[in-house]
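First up is the structure itself, then whatever we jot down about it.
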Amino acid sequence: MVPSPNGDFETGNLTGWTSAGSTQVTTAAAHTGSYGVQVGSTDPSSDSSVTQTFTAPAGSSTPSFWYNVTCNDTVQYDWASATLTDNTTGTTTTVLADTCALGAGWQNATASVTPGHSYTLTLANHDDANPGDPTHTYYDVVTVS
């Protein structure tokens, strides 16, 4: 189940998401289907993210997403990360700790939620703007089941 419209980005745009920095829906970022979101850029950039707030439906317990990070640096300088904030309790969980990898391919990340609580999921990318090693991350198939 998608947390709210467009968790798989198949609309071809960021409807249902709030973006900051360099983000785009593109076919290059698709894990399944036709589209995914690229957070960060193939050119030097800085902090970029997409966020979505949703209420965990009854019977749900596991938010999940797929990511593929292209990081030609070290985690000290560039990384992908994701957090899940429980807006009901005010607590934040790190779903994807700072990660810098090249050629690792698609990976899955999961967390847990309490049905009925409001959550904000943030999918992020940090790039130190060094022209020699831009970092970007593809995210796709954001679900809650």
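Rule-based calculations on the coordinates, nothing more; no lab input. Note that the coordinates shown come from a computational prediction; the quantities given were computed from them, not determined experimentally. Positions of Cβ are backbone-derived with ideal geometry, glycine not excepted, and every protein chain shown enters the neighbour counts.
A few points about this structure:
- For SER41, the conditions (1) buried (at least 18 other Cβ atoms within 10 Å of the Cβ); (2) in contact with a helix residue (DSSP H, G or I) (Cβ under 7 Å, 6 or more places away or on another chain); (3) of a type outside the set (Val, Ile, Thr) all hold with the exception of (2).
- Residue that is farthest from THR74 (Cα to Cα) [pool: residues in region 102-145 that are of a type in the set (Val, Ile, Thr) and either free of Cβ contacts under 8 Å to residues at least 40 places away in the same chain or in a loop (DSSP other than H, G, I, E, B) (or both)]: THR114
- Within region 55-65, considering residues that are under 17 Å from the mean Cα position of the chain (by Cα) and surrounded by fewer than 21 Cβ atoms within 10 Å (Cβ to Cβ), the one farthest from SER118 (Cα to Cα): SER64
- Subset of region 66-79 [out of contact with any Phe, Trp or Tyr (no Cβ under 6 Å at 6 or more places or on another chain), touching a residue at least 40 places away in the same chain (Cβ under 8 Å) and either of a type in the set (A, V, I, L, M) or surrounded by 23 or more Cβ atoms within 10 Å (Cβ to Cβ) (or both)]: VAL69, CYS71, ASP78, TRP79
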